[in-house]
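All of the numbers you see were taken from the coordinates with simple rules; none came from a lab. Bear in mind that the values here come from a model prediction, so they are computed numbers and not experimental data. All Cβ positions, even for glycine, are placed from backbone atoms using ideal geometry, and neighbour counts span all protein chains on display.
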Amino acid sequence: MIEAAVLHIITPLALVVCAIFVALFRDLLYAAVSLGVLSLLLSLEFFLLKAPDVAIAEAGVGAAVTTAIFIIAIRATKRME
Amino acid sequence: MRFIVTAVVAYLLYLVLTIGSGTLLLWNEAELIIGAIFALVVAALVKNRYLKKSLRMLNPVRWFIWLIYLFLFFFAMAQANVDVAYRVITGRINPGIVKISPRLKNDMSLTLLANSITLTPGTLSVDVEEETNDMYIHWINVKPDVLKEMPRDYHPICNSFPDWARRIAG
Amino acid sequence: MWLPAAIVMVVCMLACIARIFIGPGAPTRLAAFDTTNTLVVALMVVLAIMFEQVIFVDVAIVYALLSFIMTLYVARFIEGKKF
Amino acid sequence: MGALNIVTYVFIGVGLFFNAVGSFGLNRFPDVYTRLHAATKCTTFGSMFLILAVIVQSASIWVMEGALSSQSVLSIHAIIALVVLLITNATSAHAIARAAHRSGEKPARAVVDDLEGKDIND
């Protein structure tokens, strides 16, 4: 099953690249969008590991609540770091 | 009347989401009873927001026209995708933002028209003026003869979707 | 039959994620993010029939609705309006 | 079963082709509006055909196993996911285009711009 391993290799690598870019962006809105992609890939990874309940929880918390809180925080402060 | 319509829609949605849970016509008894109770509660809470003024979408003739429209819309969507694939591969674009006046009255037909022209050939709805219901459309392949007169003719841009929207929800 | 389709979908998704990192301006990044969401929802439905677990499709429905909310929220912020 | 498998392969092929075109056009076009054209239309159509392939397979198993099969959940919920995708993609494309124009993004290589300079408050 070498093909099934491809999915399990690509998704964590993209996850790590997303985390690096979250730290690199100077514009905080871009960092928030990258964090949304990170939670998307984390949800996909939970899905691949056959844990759909954790994937639903991660999608709800990561895609909706965390980004909304970050956007409210960026509105209240400065956008550039 | 609004209460009954909202309760029926909520109950149907609940039944679709819990299909295959039992043996009594694909549902079990507990799901049917709990769904009815939740549908009544939801209808009591949101009936003034879900249906604003009129009940004209209950007319079955409109549903029938909507089904015909879906059939035509699928072919327009397939044509749109072949067109966009051609433009992606060759890179031949001629974009611009044009203004059309579809002369629609209410919000529902405007929503239907905006979603339709976003998914059909070469057009993307950008903005809408609230008072006059004029729409601004990003068009990927502008034909020069449309630009001559100022109230633009909408037939070359989005071939007769405003008429269909007026027929369905107008 | 489903596993090669899933791998091609993941490769398409990586191309969209690259546009999120290099794209100029906030609306381009948001458009790329929306495209990635669509691809992930389709990928989740495909993986559900591949794993033969019928309950996995619910994750796709929930993710489609929640990512829609996030896209609208960030778009309101870019528009520069109070909400 | 043979004809259904052929239909499924054709649907998967069409879906993967349009998804690839969508993600390629997102990287090729010059500005955000044309990118939205490629992204929204092509990925919606491609995802629609992939989900239709899943529906064809699971509905054939549903018919074969009788009405109480667990595949009914898969077919019905895949149809719900398809409807949700069709509605939310068009709406979010409209929201992104409006936000882009109000934040001052100009359409690249435009021959006409009727909206330029107008200030629309809701």
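Give the value in nm², to one decimal: projected area of the alpha carbon convex hull of segment B:2-51, averaged over all directions. Walk me through the intermediate numbers first.
Numbers: hull surface 12.6 nm².
Seen from a random direction, the Cα hull of segment B:2-51 projects 3.1 nm² on average.
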Equivalent-ellipsoid semi-axes of chain B, from the Cα gyration tensor, Å, largest first: 40, 21, 13
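Compute for segment C:8-78: radius of gyration divided by Kirkwood radius, i.e. Rg/Rh, restricted to C-alpha atoms, rounded to two decimals. Present the calculation step by step, with values, prior to reporting the outcome.
On the way: Rg = 13.5 Å, Rh = 13.0 Å.
Value, to two decimals: 1.04.
Using a 10 Å Cβ count of at most 15 others and DSSP loop calls, identify the longest part of chain D lacking such trypsin sites (Lys or Arg not before Pro).
Numbers: sites that count: D:Arg109, D:Lys118.
With trypsin sites (Lys or Arg not before Pro) excluded where exposed in loops, chain D gives D:1-108 as its longest stretch.
Can you give the calculated 222 nm mean residue ellipticity of chain A, where each DSSP H run of n ≥ 4 adds -39,500 (n - 2.57) and the sum is split over every residue, rounded to the nearest 500 deg cm²/dmol? List each step's numbers first, then the result.
Numbers: 4 runs with 62 residues, N = 81.
After summing the helix terms and dividing by the residues of chain A, the value is -25000 deg cm²/dmol.
Do the sum for chain C: with -39,500 (n - 2.57) for every DSSP H run of n ≥ 4, divided by all residues, what is the mean residue ellipticity at 222 nm, to the nearest 500 deg cm²/dmol?
Values: 3 runs with 70 residues, N = 83.
It lands at -29500 deg cm²/dmol.
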Selected from D:Val73, D:Ser58, B:Val82, residue furthest toward positive end of dipole (the protein assembly as shown; charges at beta carbon): B:Val82
For the protein assembly as shown, the spread of Cα positions along each principal axis, largest first, Å: 64, 56, 51
Ranking of B:Thr118, D:Thr88, B:Thr111 by count of other Cβ atoms within 10 Å, fewest first: B:Thr111, D:Thr88, B:Thr118
Sequence of A:His8, D:His101, D:His37 once ranked by neighbouring C-beta atoms within 10 Å, starting from the fewest: A:His8, D:His101, D:His37
Proportion of all alpha-carbon pairs of segment D:2-102 beyond 22 Å (%): 41 percent
Ranked B:Arg62, C:Arg19, criterion: other C-beta atoms within 10 Å, fewest first: B:Arg62, C:Arg19
Volume in Å³ per residue [convex hull over Cα atoms, computed for chain A]: 64 Å³
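Of the DSSP beta bridges with both residues in the protein assembly as shown, give the percent that are antiparallel, rounding to the nearest 5.
Values: 12 of 15 bridges.
Counting DSSP beta bridges with both partners in the protein assembly as shown, the antiparallel share is about 80 percent.
Suppose only helical runs count, i.e. DSSP H with n ≥ 4. What mean residue ellipticity at 222 nm does that imply for chain B under -39500 (n - 2.57) per run, divided by all residues and rounded to the nearest 500 deg cm²/dmol? Don't skip to the end; give the middle numbers.
On the way: 5 runs with 91 residues, N = 170.
Result for chain B, helices only: -18000 deg cm²/dmol.
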Under the Karplus curve 6.51 cos²θ - 1.76 cosθ + 1.60, θ = phi - 60°, whole-Hz ³J(HN,Hα) for segment C:19-34, x wherever Gly or Pro sits: 5, 5, 7, 9, x, x, x, 6, x, 5, 5, 5, 5, 5, 5, 5
